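The block underneath contains the structure these notes are about, expressed in structure tokens.
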Amino acid sequence: SGAEPAPACRPIPEINYTSYGWLRLLGRTLSALADTLSLLTLLAIGLRLFSRRIALLGTALSALAVMQIQQSHFMTVDNFAVLFSTLSIYCAVRAAQKGGARWYALFGTFYAMTLASKINLAPLGVMIALAVWMGHRELWKQRDLTPWKRFGPAVLQMALAVAVTLVVFRVTQPMSIRAATGDTGFF
């Protein structure tokens, strides 16, 4: 008698994920998620390098910056590039402190994803060279070792980071390396 049906009885509206309205909301959500993960990574970097107080201060200052919120609103690639670059920096910090092939490979992965997002962040690659230097400088001072034992691990770790970067960049940004005509192979 004129009453609306209960909410459970209403039909579910059709969702068109290719429409501008839904795509806009999805882009904003993913950008905000990337920004949130960047903040957590920044906190982890601060905790690893400094004190809890400094880490929280740096994270709070980044969280209060208006730029990330605006970039999320307009769903640009900047928040994704910042996420991948902060993850790269975290991996470089871990590689410098702990060493191990895993951190160099992870740096290569996230650095390649950074480059796939924004190529102008290429200077970030210097971070892995600094990590190699910081992680191996004590070993390099030992004159009684053969050159391979002194420099070999650093060369291998750097080569691993570069190789992983090239492969992951090829996968995540396939249009940057393509044939002028015909089919493009992986190499």
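The values are calculated or read from the model by the stated rules, or taken from the named source; none is laboratory data. Please read all numbers here as calculations on a predicted model, not as lab measurements. Using ideal geometry, Cβ is built from the backbone for each residue, glycine included, and neighbour counts are taken over all protein chains shown. These area figures cover heavy atoms from the full protein model, side chains too; ligands, DNA and RNA do not enter into them. Shrake-Rupley method; radii C 1.70, N 1.55, O 1.52, S 1.80 Å.
Which residues, taken from region 135-160, are part of a helix (DSSP H, G or I) and more than 14 Å from Trp103 (Cα to Cα)?
Kept after step one, since they are part of a helix (DSSP H, G or I), are these residues of region 135-160: 135-140, 147-160.
Once the filter is applied, which keeps residues that are part of a helix (DSSP H, G or I) and more than 14 Å from Trp103 (Cα to Cα), region 135-160 yields His136, Arg137, Glu138, Leu139, Trp140, Pro147, Trp148, Lys149, Arg150, Phe151, Gly152, Val155.
Can you confirm whether Leu115 is under 30 Å from Leu40 (Cβ atoms), modelled with pLDDT of 90 or more, touching a helix residue (DSSP H, G or I) at 6+ places or on another chain (Cβ under 9 Å) and open to solvent by 50 Å² or more (accessible area, probe 1.4 Å)?
So Leu115 does not fit the description; no.
Would it be correct to say that Thr146 is among the polar types (S, T, N, Q) and within 19 Å of Val164 (Cα to Cα)? Talk me through it step by step, then tell me what you get.
Numbers: among the polar types (S, T, N, Q): yes; within 19 Å of Val164 (Cα to Cα): no.
Taking the combined requirement at face value, the residue does not satisfy it.
Can you pull out the residues in region 22-71 that are over 30 Å from Gln97 (Cα atoms), out of contact with any Ser or Thr (no Cβ under 6 Å at 6 or more places or on another chain) and among the hydroxyl-bearing types (Ser, Thr, Tyr)?
Thr29
Note down all Cβ pairs under 9 Å where the first residue falls in region 10-25 and is open to solvent by 100 Å² or more (accessible area, probe 1.4 Å), the second is at pLDDT below 75 and not hydrophobic (A, V, I, L, M, F, W, C), and they're at least six residues apart or on different chains.
Arg10/Glu4; Trp22/Asn16
With the checklist (1) modelled with pLDDT of 95 or more; (2) over 20 Å from the mean Cα position of the chain (by Cα) in hand, flag the one item Phe84 doesn't pass.
With (1) modelled with pLDDT of 95 or more; (2) over 20 Å from the mean Cα position of the chain (by Cα) applied to Phe84, the lone miss is (2).
In region 134-155, which residue that is free of Cβ contacts under 8 Å to residues at least 24 places away in the same chain and of a type in the set (A, V, I, L, M, F, W, C) is least open to solvent (accessible area, probe 1.4 Å)?
Ala154
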